[in-house]
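The values are calculated or read from the model by the stated rules, or taken from the named source; none is laboratory data. This is a predicted model, so every value here is computed, not measured. Virtual Cβ from ideal backbone geometry, glycine too; neighbours counted across all protein chains shown. Heavy atoms of the whole protein, side chains included, go into the accessibility calculation; ligands, DNA and RNA do not. Shrake-Rupley method; radii C 1.70, N 1.55, O 1.52, S 1.80 Å.
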Amino acid sequence: ACVTVATLPWSIDLTYTDLGEVPVGWESEAWTVSNKANGYGDDDRQFNVRIKPNAADGYVGDLTTPRILVNEDNAFFSFEYCMYIWARFGGNKKYDVWEAEDTLAVQVSSEGGEFEDVLVYTAENNVKVDSVNQFTNVSVDLSKYLDKEIRVRIHWKCHSSQQVRMPIEDITLVNVPKPVIPEVTVNNITHNSALLKWRGEQEDYEVAYAKS
């Protein structure tokens, strides 16, 4: 059988995927396509997973993309997620204070090899949010896989005893151009100051320095 390999720019449109299923070429443990969860998010359809409270050794949800050839440099894999505690009669609560062993990871398999972590969130470094319906953007640089055929897996392991849900949308793998390095001049250097001037194409810059 002929297997289609996607190339960049790559994204997924869930419009024509049946509810409760996953698109052709994807692999899933627990994740399925659903309508917009509780009105949260921008997309009418999302990937969603519901944990089973008190699952032995935590509840695992894996969502794996089809095969993608990274045919462009500066490739970034991105998605947005919202994590919340569902309540049957309303009163959903944000879930950003994780259990000690909770994990959200982005993993990559290159050329059919084993999956490796390229980004890991834990209870110590997960993103805190302001509201129950706030989505968090995750973006991972996959430039090192240039000219490689990869699959990307979103791996979630949750140990909560509550009904935690996690809709995901806006999954993409695209080229993100690097900013042009500006022309920089440094004058009037003293022991605690310097005058910097630069000319470039961007509107915002970040200046960093180090002691010599």
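Here are the numbers for this structure:
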| read-out | value |
| --- | --- |
| Candidates Arg199, Arg45, Arg165, ranked by Gaussian network fluctuation over the chain, Cα under 10 Å, top entry | Arg199 |
| Accessible surface of the range 64-212 [probe 1.4 Å, protein heavy atoms]: carbon and sulfur percent | 47 percent |
| At 0.890 mPa s and 25 °C, Stokes D of the range 59-146 from Kirkwood alpha-carbon radius, µm² per second | 163 µm²/s |
| Under the Karplus curve 6.51 cos²θ - 1.76 cosθ + 1.60, θ = phi - 60°, whole-Hz ³J(HN,Hα) for the range 74-90, x wherever Gly or Pro sits | 6, 7, 10, 8, 9, 7, 10, 9, 10, 10, 8, 8, 7, 10, 4, 10, x |
| Distance-filtered residues of the range 157-174 - backbone nitrogen under 16 Å, label point 7 angstrom along Thr122 Cα→Cβ | 157-159 |
| Residue-level accessible surface for Val60, protein heavy atoms, 1.4 Å, Å² | 40 Å² |
| Neighbour cut-off at most 12 other Cβ (10 Å), DSSP loop, trypsin sites (Lys or Arg not before Pro), the range 55-130 | Arg88, Lys128 |
| 1.4 Å probe accessible area per residue over the chain, in Å² | 61 Å² |
| Gaussian network model of the chain, springs between alpha carbon atoms under 10 Å - residue of Pro167, Pro179, Pro66 with greatest fluctuation | Pro179 |
| Cα-projected label distance for Asp96 with Ile189, points at 7 Å along beta-carbon direction, nm | 4.2 nm |
| Greater than 22 Å apart at Cα, pairs in Lys157/Lys178; Lys144/Lys197; Lys128/Lys178; Lys36/Lys178; Lys36/Lys148; Lys36/Lys93 | Lys157/Lys178; Lys144/Lys197; Lys128/Lys178; Lys36/Lys178; Lys36/Lys148 |
| Probe 1.4 Å, all protein chains present, accessible-area order of Glu116, Glu111, largest first | Glu111, Glu116 |
| Descending semi-axes in whole angstrom, ellipsoid equivalent of the range 1-45, from the Cα gyration tensor | 23, 14, 9 |
